[in-house]
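Have a look at the structure below, then the notes.
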Amino acid sequence: MGKLAENRYPSVAFTLVLFATLMVLLCMNIAISRVEKSNQQTLSFLTGLADVKGDILFLDAALTDRAVRFVLTRDSYYDKKFRDGARQLDDVLNNLRKSEISLIRRSAISIAESNRKMVEFEERAIALAKKGRQVEAYKILQSEQYRIFKSEYSVGANGLATFIESEIKTTIDESSKKGNWRTLVVTFVMLALVAVWAWFLSIFDVWKRRIEGLNQELDKRVEERTKELDEERQLRLMNAKLAAVGELAANIAHEVNNPLQIISLRAQQVLDIAEETADGGLKSLGDSLVKTTKRLGKITNGLRSLSRDGTSESITNVAVEKFLVDIIEVFEPRFVSQEIHFEKVNRAGEKTVYLRPTQISQVLMNLINNAIDAVARVKSKEIILGADIVPGGVEFFVLDNGSGVSSENESRIMEPFFTTKPFGEGTGLGLSISKDLVDNHRGKITYARKNDMTEFRVFLPQNFKSKGYRLHAEV
């Protein structure tokens, strides 16, 4: 569940960052749209005012022209056009007087007042023309006072136009400045978003590597545990097989030992008869029978030792020489039958060492069995069993002139179920069990190549018992 939760964290964070980014961009877009809309409305309004300025000047000129034409021609068409133009100009000025900009309102009022005065003069001229007094009417339109009103009107209209043009320029400049600021703000926000994204991606990468590391660690633990369970299963199976072999060995030893005792008694009787009759040939035969039965007895005792696991065996102070001789007697028939030159080298002399005889016998017997297998294809077979006195204890050693172990396999020979023997000829448990047994004695088992020979050494501490060491659980 923890891994699943951690797997969700990057997705949630990614969703939140993406949502926040979209919201920021949306808000910026709305704000920019509103500013642009406001600027566009202001600019459209001012542009419309610029058009109104043209209308004001055009309508003023049109009214004067129509009034003059009516005075000269007395054509009612121009009178009607004059009335229409006057109403149109009034509408334009009335709209300007409603403007929210005070300066435009004041300008519109001033222009309207000048227009009112001009229209009064123009209407008087039209009225006189209708009565046939065209000369007087024309003089009104050419009077100094009329020109003053018209000049005031033009000044007001031009002032309004100048103000409108100034406002348009100001609005465009402000819009440009706002656009620049907007560009800076957008750039800053985008850089900030890029920084946030970069930070998020770095955090996401850290999360990803952490999750991958956890997954790899979990896979490794599962693999190791699976391997341990498999090794335990195979070890239990092999222990069951070894127990069956031990039980079979015990049964064989028991079945052989009974007739062997009878043969031993008969051999002793032969010796007694030989002594009574002073028969040398019979005595030689009796001695041979006694030696043979003793050898068979030692072999059966070895089988009994093999059938015991040594768990409950007490730690004993054993003489090194006798310990080596007992092991050699078990293997002597095999050495003879397989034409192996065997040599015992005891440099420990009469030294004694504390150990569990059954367990260490199993260790040395396993090493000798491996040595016999190693020299099987060698023409001149040679095996050496011996012991040395070393600082702190005694070292037993087994040497053979077999092919040895390759350098790439040296580090693995003590691993459970590792074997270099062909399929079906080895379990890969011998050295592993031997190592555990030696470790339980606080000792050490080592491998080396020495003068083209394979050498295994088993170190046992001399003070193993005196320091009160307790053995681990047995294999």
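The values are calculated or read from the model by the stated rules, or taken from the named source; none is laboratory data. Since the model is a prediction, treat every value here as computed from it, not as a measurement. Positions of Cβ are generated from backbone atoms using ideal geometry, with glycine treated the same way; all protein chains shown enter the neighbour counts.
To keep it simple, each residue is scored yes or no on (1) at pLDDT 75 or above; (2) more than 30 Å from residue 106 (Cα to Cα); (3) of a type in the set (Asp, Glu).
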residue: 172; (1), (2), (3): no, no, no
residue: 177; (1), (2), (3): no, no, no
residue: 183; (1), (2), (3): no, yes, no
residue: 186; (1), (2), (3): no, yes, no
residue: 191; (1), (2), (3): yes, yes, no
residue: 194; (1), (2), (3): yes, yes, no
residue: 197; (1), (2), (3): no, yes, no
residue: 205; (1), (2), (3): yes, yes, yes
residue: 208; (1), (2), (3): yes, yes, no
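Scanning region 268-311 for residues that are of a type in the set (Asp, Glu) and either more than 60 Å from the chain's Cα centre (by Cα) or modelled with pLDDT of 75 or more (or both) turns up 272, 275, 276, 279, 287.
Would region 156-172 turn up any residue that is in a helix (DSSP H, G or I), in contact with a Ser or Thr (Cβ under 7 Å, 6 or more places away or on another chain) and of a type in the set (S, T, N, Q)? So far as region 156-172 goes, yes, one or more of its residues are in a helix (DSSP H, G or I), in contact with a Ser or Thr (Cβ under 7 Å, 6 or more places away or on another chain) and of a type in the set (S, T, N, Q). Once region 114-164 is narrowed to residues that are within 26 Å of residue 73 (Cα to Cα) and β-branched (Val, Ile, Thr), the residue that is surrounded by the fewest Cβ atoms within 10 Å (Cβ to Cβ) is 135. Selection over region 366-387 of residues that are within 17 Å of residue 445 (Cβ to Cβ) and touching a Gly at 6+ places or on another chain (Cβ under 8 Å) gives a count of 5. Residue-level analysis places residue 84 outside the set of residues that are assigned to a helix (DSSP H, G or I), under 20 Å from residue 133 (Cα atoms) and at pLDDT 75 or above.
Residue 100 passes every criterion in (1) charged (D, E, K, R); (2) assigned to a helix (DSSP H, G or I); (3) more than 15 Å from residue 64 (Cα to Cα) apart from (2).
Any chance region 186-200 includes a residue that's closer than 19 Å to residue 64 by Cβ and assigned to a helix (DSSP H, G or I)? Walk me through it before giving the result.
The initial filter retains those residues of region 186-200 that are closer than 19 Å to residue 64 by Cβ, namely none.
Taking every residue of region 186-200 in turn, none turns out to be closer than 19 Å to residue 64 by Cβ and assigned to a helix (DSSP H, G or I).
If we keep just the residues of region 346-380 that are among the basic types (Lys, Arg) and modelled with pLDDT of 85 or more, which is farthest from residue 319 (Cα to Cα)? Restricting to residues being among the basic types (Lys, Arg) and modelled with pLDDT of 85 or more, the top hit is 379.
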